[in-house]
Amino acid sequence: MKRVAISTLGCKTNQFESAAMIEQLKTAGYRIVPFTEPSDIYIINSCTVTARTDAETRRLIRRARRLNPASRVVATGCYAQVSPGELEKMPELDCILGNMEKQNISALLETTDNTVSDIAAIAQAEPLKLTSFAEHTRAFLQIQNGCNSFCAYCIVPYARGRSRSVKPDDILQGVQDLADNGFKEIVLTGIHLGAYGLDLKQPMTLTTLVREIDTTGIVPRLRIGSIEPNEVNEDLLNLMATSHIICPHLHLPLQSGSDSVLKRMGRPYTSEVFRKLVARITAAMPDAFIGADVIAGFPGETDEEFKDTVKLLEELPFSDLHVFPYSSRPGTRAAEMAGHIATQIITERAAIMRSIATMKKTLFLERFTGKTLSVLVQGHDNKTGECRGLTPNYISTSFLGEKTLVNREVAITITGSNNEICTGELKSVVAS
């Protein structure tokens, strides 16, 4: 039985696809081992959102070769899809497979040829099958792939192709399969979730799909992945606010708080639109976790434009921020723009925004001291006796408890917090 190790970089979609590849490889008779151990085959499921993730992919390829010089090293994912020519220069690499090739990874894993399909020509979603997930309590479910937006800074449409949606019946079956295997929380993932259903023969919306899942009550918790600000409508907010299973958690790609920068980026909203959206979210769900992506140092970003972003970040009730230093991606419109900013300035601006993120998360977590929250227990540390878990509004928690509580929902009284996690005391077991 040959050993296979997989390392995954990037988004939840990649994490889902790695889990699906693992399931496929197990069925084909391979044994999955940790990436840190000697293996017969190493797979690096790459990301190419930034130059840093490209570099990390190359580092992992070299690491795999050192772990077992006689092994077979394979690269797949978005970096492999967009820049196979760069990877071909690496002597440590044996094979390059594109994103579509993940569908048939068990058959292609030991072939000698590089295979990268023209993903722009793919018109329909062919979802990877997944009935299990390594975490055992939460699972990701891919419902959409690709993106038609072509924002100025983003390489993802070239790596993932056009927007294409999984059929609703397949999604409902996927939810059922994961629930039948004991998963208590399912996270809907995609590259452009808000575009879900628009390409189907019988078009539907993300809200309609989420309502169908909500109505079935198949799974105790349903979480929605990242969604564009202009695609969070009143119907979706009302559904989230009244549902017993949809988690009060939204992650919004803001990218900038400056209207002029947003326009250059090709983003279809203004800072005022975003401000009003956050107000509607907090009115509908006062304890909702609101996360956002923001880019530091987009080409031409002036001091005043950066100050506009800082002002918006400081004023709005974010729960956390993901800060990305701008990274030029060849082939994007931004790469050809004038006014690229010095790396030192980008680093300084990113540090300022990360300090705001730390402050925002600390303030958000502190709000819950003394309150009782529902927690899905995800793991247990035998050495410390601590359980760790996640609330519906995305708060990581720890408390003393028994290992038997894993994958059960419990009530926790929050006793304190730092800028990453809340600590608490077990009050009761909510469900098995």
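The values are calculated or read from the model by the stated rules, or taken from the named source; none is laboratory data. A quick note: this is a predicted structure, and the numbers were derived from the prediction, not measured. Here the Cβ positions follow ideal geometry from the backbone for every residue, glycine too, while neighbour counts run over all protein chains shown.
Which one is farthest from LEU250 (Cα to Cα) among residues in the stretch 360-385 that are surrounded by 15 or more Cβ atoms within 10 Å (Cβ to Cβ) and either in contact with a Phe, Trp or Tyr (Cβ under 9 Å, 6 or more places away or on another chain) or aliphatic (A, V, I, L, M) (or both)?
Filtering first and then ranking leaves VAL377.
Suppose we filter LEU141, LEU178, LEU172 for residues that are at pLDDT below 95, of a type in the set (A, V, I, L, M) and more than 16 Å from the chain's Cα centre (by Cα); which single one remains?
Going through LEU141, LEU178, LEU172 in turn, just one is at pLDDT below 95, of a type in the set (A, V, I, L, M) and more than 16 Å from the chain's Cα centre (by Cα): LEU178.
If we keep just the residues of the stretch 306-347 that are charged (D, E, K, R), surrounded by 15 or more Cβ atoms within 10 Å (Cβ to Cβ) and out of contact with any strand residue (DSSP E or B) (no Cβ under 6 Å at 6 or more places or on another chain), which is nearest to ALA292 (Cα to Cα)?
Here the answer is ASP308.
Can you name the residue in the stretch 136-178 that is out of contact with any helix residue (DSSP H, G or I) (no Cβ under 9 Å at 6 or more places or on another chain) and part of a loop (DSSP other than H, G, I, E, B) and is also nearest to VAL210 (Cα to Cα) among such residues?
LYS167
If VAL273 passes every condition in (1) at negative phi; (2) surrounded by fewer than 20 Cβ atoms within 10 Å (Cβ to Cβ); (3) of a type outside the set (Asp, Glu); (4) touching a residue at least 60 places away in the same chain (Cβ under 8 Å) but one, which one does it miss?
Failing condition for VAL273: (4).
Return yes when ILE191 is under 21 Å from LEU254 (Cβ atoms), crowded, with 22+ Cβ neighbours inside 10 Å and either in contact with a strand residue (DSSP E or B) (Cβ under 8 Å, 6 or more places away or on another chain) or modelled with pLDDT under 95 (or both) and no when it is not.
Judged against the criteria, ILE191 is a match.
Cβ-Cβ below 6 Å, separation at least six or inter-chain, first residue in the stretch 44-62 and closer than 16 Å to THR76 by Cβ and without any contact (Cβ under 8 Å) to a residue 60 or more places away in the chain, second of a type in the set (Val, Ile, Thr) and part of a helix (DSSP H, G or I): which pairs?
From the stretch 44-62, the pairs are ILE44/THR57; ILE44/ILE61; SER46/THR57; CYS47/THR53.
Of the residues THR215, THR207, which single one is without any contact (Cβ under 8 Å) to a residue 24 or more places away in the chain and in a helix (DSSP H, G or I)?
After applying the criteria, what remains is THR215.
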